[in-house]
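Please treat every number below as a calculation from the coordinates, not as lab data. It should be emphasised that the depicted structure is a prediction, and the values quoted were computed from it without experimental measurement. Here Cβ is always computed from backbone atoms with ideal geometry, including for glycine, and neighbour counts include all displayed protein chains.
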Amino acid sequence: AIWHILGAGSLGSLWAARLARAGVPVRLVLRNAARLQAYQANGGCLTLVENGVAQPIFISAQTTDSAEPIERLLVACKAYDAEQAVAQVAARLRANAEVILLQNGLGSQDAVAACIPHARCIFASSTEGAFRESDWRVVFAGHGYTWLGDAREPAPATFLQTLHDSGIAHEWTPDILTRLWRKLALNCAINPLTVLHDCRNGSLQDHHCEVATLCVELTDLLERCGQPVAAQDLHTEVQRVIKATAANYSSMYQDVANGRRTEISYLLGYACAAALRHRCAVPHLQQLQTRLTTHLASKGLRTD
Ligand code: NAP
């Protein structure tokens, strides 16, 4: 089957380049004619920079309103763009199309799934790292793993061998929601504080009490949300991640530093909304959200 890649940003380009390089048929699905024209003007190719080596990879592209039917769709937009972008191609999806959702956090996946009930939505959680050096040029910055799963149907997706042949490190898991909740909790305990304290992950070791208090509330919240496995030893894991990534700036820190919109509504915002729904008291998480939105607003950034 042809892979349609919706969103040729960092992760979308990283996936597209590796699939195309392995001989898999790939189409980039761009937002409009202007973006398509810009891509053609670039020679109709992406550049993948890996271990300092830049490799051009030629990939066909089209806009969302192309007529080509879609059997396999990788949604590589930001969480706040995913639903609208998928709606633009929903009519092109074949019955039983497989749709892979790469978005960080929670909330966007359910919104997307609700607007394409005829497709199989596969949720992903990735620890790979990539960034755009410029348009159509992506740097593979951190090797990692992508976990894939379908909360409604444990049978593995049909394309795992293709991922393997393309060198995309992955694992199928029936517990993808556990992974997404766990990652969301880690994000809530670390990323907002790095923004507010203007620091690298490692400096949160100087804010031990604040981190510990958030972990108590997050653990309680995960349990109340029916995610006891994601709650296990959360504080220990948060401390481990802070040490292991001490020199890094978190993704939210980088978004704010570069004046980009954050995915707050799908991370800390989602956690606070879930707490309200479950009548779970999380005063420090709520205060953290207030501090963060105030901070974003003061920088002229969106708070949703
Ligand atoms: P990104 O570089 O900003 O790429 C998003 C792409 O989506 C952009 O190229 C954008 O197009 C495109 N897009 C938005 N709306 C569209 C539409 N309606 N039609 C077509 N294309 C559309 O974002 P990213 O860093 O790859 O992140 C994607 C998701 O993966 C996020 O949820 C992020 O948290 C998650 N993630 C990223 C990484 C990473 O290392 N980058 C790692 C793990 C998880 P334009 O270029 O035209 O603006």
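Every condition in (1) farther than 15 Å from Leu102 by Cβ; (2) touching a residue at least 40 places away in the same chain (Cβ under 8 Å); (3) among the hydroxyl-bearing types (Ser, Thr, Tyr) holds for Ser126 except the one numbered (1). Once region 13-38 is narrowed to residues that are closer than 17 Å to Arg137 by Cβ and within 6 Å of the ligand (Cβ to nearest atom), the residue that is surrounded by the most Cβ atoms within 10 Å (Cβ to Cβ) is Leu30.
Each row is one residue, and each column tells you yes or no for (1) farther than 18 Å from Leu36 by Cα; (2) of a type in the set (A, V, I, L, M); (3) more than 11 Å from the ligand (Cβ to nearest atom).
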residue: Ala61; (1), (2), (3): no, yes, no
residue: Asp65; (1), (2), (3): no, no, no
residue: Glu71; (1), (2), (3): yes, no, yes
residue: Arg92; (1), (2), (3): yes, no, yes
residue: Ala97; (1), (2), (3): yes, yes, yes
residue: Ser108; (1), (2), (3): yes, no, no
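Residue count for region 45-55 satisfying the condition of being farther than 17 Å from Ala169 by Cβ and either within 12 Å of the ligand (Cβ to nearest atom) or surrounded by 15 or more Cβ atoms within 10 Å (Cβ to Cβ) (or both): 4. If you go through region 69-121 and keep only what is aliphatic (A, V, I, L, M) and in a strand (DSSP E or B), you end up with Ile70, Leu73, Leu74, Val75, Leu93, Ala95, Ala97, Val99, Ile100, Leu101. Condition first: part of a loop (DSSP other than H, G, I, E, B), surrounded by fewer than 18 Cβ atoms within 10 Å (Cβ to Cβ) and within 16 Å of the ligand (Cβ to nearest atom). Can you find one or more residues in region 127-142 that meet it? Yes, because at least one residue in region 127-142 is part of a loop (DSSP other than H, G, I, E, B), surrounded by fewer than 18 Cβ atoms within 10 Å (Cβ to Cβ) and within 16 Å of the ligand (Cβ to nearest atom).
Mind checking which helices (runs of 4 or more DSSP H) fall wholly inside region 194-300 and carry at least 2 residues that are farther than 27 Å from Gly129 by Cα?
On the way: elements: 208-224, 228-231, 234-244, 251-257, 268-277, 283-298.
Correct list: 208-224, 268-277, 283-298.
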